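Participant: Below you will find the structure I want to go over with you.
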Amino acid sequence: MGNLAEKLEVARVLYRAGILKPIRPDKTIRIIKAAKGWGRSPAMGFIALAIRQPDATAVIDDDGSATFDEVNRRSNALARGLREAGISPGDMVGVICRNHRRFVETILACCKVGANTVLLNTMFAAPQLTEVGQREKIGALLYDEEFTNLLEGLRGMPRFVVYGSGDDPNVEDLIADHTDDNVEPPSIESRFTMLTSGTTGTPKGARRGSPKGMLPIASMLSAIPLRTGERTMIAAPLFHSWGLGQFQLGLILGTTYVMTRRFDPEATLRTIAEHQCTSLAVVPIMMQRMLALPDDVKRKYDLSSLRITAASGSALPGHLATEWMDTFGDNLYNFYGSTEVAMASVASPEDMRAAPGTAGKPPLGTSVKILDNQGEPLPTGQTGRIFVANAISFEGYTNGDDKERLGSMVSSGDVGHFDENGRLFVDGRDDDMIISGGENVFPREVEDLIAAHDDVAEAAVLGVSDRDWGQRLTAFVVLKPGASLTEDGVKAHVKHNLASHKVPREVAFLDELPRNATGKVLKRELA
């Protein structure tokens, strides 16, 4: 798309979403003045919203609600408190919190200080948290009280309790002890360090700056019909790139964020109904757990306000997408991407009705190619490595490593193919493929087939070494309550639908699959 045509399309998308609308001249002047100092920082987004709509509700959580002006002022005071405590521009600050308004105030305050925020996984064990903290050179820590027992290895630095109480200073005291008027912009722009999922090893730190220009925002909005001033329930964890992305998008849209500290299937439905949320940001395992509720429970809550269910963070099996839409309406949008490449493609409800399991099509400003091992494009229908080019890919890993790059394109780490209608299908991780008896096998195809069985709640399939065949598949299956599917039954189901070399040699039945906070199966633990 030519530069002028792209700019016109960006403007059209932003206008449709309600972003390009007039505001009072005095507010416009104040926003322009603020932008000169704050640039592209998330802090600027919130400052602008506090000017445009100070009394509008910014956050609704378990403890009540707060306006944009209140959150902005509290983050000003907290920024002053953090500076006084010795945190300076460029410092690495670790944050381990659940979803609540103080988490929002904390990351805004870090941006206002100019500190680089490392968003830590709430499911880390103590040794893993210590390892990541030392590797990322974290020099200060903000945390919820419930994670105190994980922090033994991160002492000798400023530490503050964000939610709850404890021996360390509390952010509420910092806020109370400092003025809340506007703070001076820092000398450098802050950065976020996102952590990869770590499903096959230790999570890596991925550097990410603020989105440049409006194309990244228009890219998202070109694929999903969000509008300004709506209410979004962010059920996905804010520390993950998917949850944080929804937060950043809301800074442009003036979204009211609705969140609960812990995910609970019925409570999520209740919260959507109570606050008339128009969109819901989830990971697929959350959808699965809501669908598993008894029918009478699901019918108790009026979800007619819900126009958009935006899912990402892990693979969305076709049968799960279909069941969600059959239950809650055709409001599902499936986002495919990764910490490294951000958003690669989006499947609309129409895409998933026509081709269940698809990852959809690349949105505005994004290019996706399927390449062979020599970096050459592959024809439609043929599986190869997925490479993505857009304006929001990561800047590299914090240890100096990088994903494979071919020009402007970055490897997603997955393999997939396009169908004849230009829809992308993700066939698995590029390091998941096994060769069994000379045949290439992608475990995800077998995994999705087993998971779609009426007796199966969830399944995972991975390759293991085999003396005779080189490698073989092993399946791990969680049955639905009361189901009686056997190992032979699983094998027969696969053999009836797929080639014989894709039949798992062993089937293990588990009570549940090990997952991280975004629902990805931790296959290293199964292995």
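Participant: What length, rounded to one decimal in nm, is gained on full extension from residue 152 through to residue 123, with 0.36 nm per residue of separation minus their alpha-carbon distance?
Facilitator: 8.9 nm
Participant: Picking from 57, 424, 34, whose Cα lies most toward the positive end of the charge dipole for the chain (charges on Cβ: Lys, Arg +1; Asp, Glu -1)?
Facilitator: 34
Participant: Another one. Where does each of 339-352, 420-433 land if you order them by average Cβ count within 10 Å, highest first?
Facilitator: Top of the packing list down: 339-352, 420-433.
Participant: Okay, moving on. Nearest 20 debye, what's the magnitude of the dipole of the chain about its Cα centre given +1 on Lys and Arg Cβ and -1 on Asp and Glu Cβ?
Facilitator: Computed about the Cα centre, the dipole is about 1640 debye.
Participant: Okay, moving on. Could you compute the FRET efficiency for residue 380 and residue 36, with r as their C-beta to C-beta distance and R0 at 30 Å, rounded to 0.05?
Facilitator: The value I calculate is 0.05.
Participant: Roughly what % of DSSP beta bridges within the chain run antiparallel, to the nearest 5?
Facilitator: Expressed as a percentage, antiparallel bridges in the chain total about 60.
Participant: Oh, and also: Measuring from label point to label point, each 7 Å out along Cα→Cβ, what is the residue 439 to residue 299 span in nm?
Facilitator: Each label point lies 7 Å from its Cα, and together they span 4.5 nm.
Participant: Suppose R0 equals 45 Å. What FRET efficiency, 1/(1 + (r/R0)^6) with r the Cβ-Cβ distance, do residue 23 and residue 367 give to the nearest 0.05?
Facilitator: 0.85
Participant: Below 8 Å, C-alpha to C-alpha, sequence gap of six or more: please give me the relative contact order for segment 434-526 in percent.
Facilitator: It rounds to 26 percent for segment 434-526.
Participant: Using Cβ contacts closer than 10 Å as the measure, can you line up 282, 95 from fewest to most?
Facilitator: Least to most surrounded, the residues fall as 95, 282.
Participant: Please give the net charge around residue 301, taking every other residue with its beta carbon less than 14 angstrom from that of residue 301, where Lys and Arg add +1 and Asp and Glu add -1.
Facilitator: -2
Participant: First select every other residue whose beta carbon is under 12 angstrom from the beta carbon of residue 521; then total the charges, Lys and Arg +1, Asp and Glu -1.
Facilitator: Local net charge: +1.
Participant: Multiplying the sequence separation of residue 291 and residue 455 by 0.36 nm and subtracting their Cα-Cα distance, what value in nm do you get?
Facilitator: 57.6 nm
Participant: Name the residue farthest towards the positive end of the dipole of the chain from the options 345, 76, 141, assuming +1 on Cβ of Lys and Arg, -1 on Cβ of Asp and Glu, about the Cα centre.
Facilitator: Sorting the options by dipole projection puts first 76.
Participant: Next question. On a full-extension model of 0.36 nm per residue, what is the gain between residue 506 and residue 167, subtracting their alpha-carbon distance, rounded to one decimal in nm?
Facilitator: Full extension from residue 506 to residue 167 adds 117.0 nm.
Participant: Same structure again: Quick one: net charge of residue 327's neighbours, Cβ under 15 Å, K/R +1, D/E -1?
Facilitator: -2
Participant: Oh, and also: Could you name the aspartates and glutamates in cross-link range of residue 495, using Cα to Cα under 16 Å and dropping any fewer than eight places away on the same chain?
Facilitator: By straight Cα distance, residue 495 reaches 439, 445, 447, 448, 487, 506.
Participant: Next question. For the chain, what is the relative contact order in percent, using Cα pairs closer than 8 Å and at least 6 residues apart in sequence?
Facilitator: Contact order relative to length: 11 percent.
Participant: Now for a separate question. Ignoring everything except DSSP H segments at least 4 long, calculate the 222 nm mean residue ellipticity for the chain; use -39,500 (n - 2.57) per segment, divide by total residues, nearest 500.
Facilitator: It comes out at -9500 deg cm²/dmol, rounded to the nearest 500.
Participant: Can you tell me the FRET efficiency between residue 8 and residue 56 if r is taken as the Cβ-Cβ distance and R0 is 22 Å, rounded to the nearest 0.05?
Facilitator: It comes out at approximately 0.15.
Only the coordinates and a few stated rules stand behind these numbers; no lab work does. Because the structure is predicted, anything quoted here is derived from the model rather than measured. With ideal geometry, Cβ positions are generated from the backbone for all residues, glycine too; neighbour counts draw on all protein chains shown.
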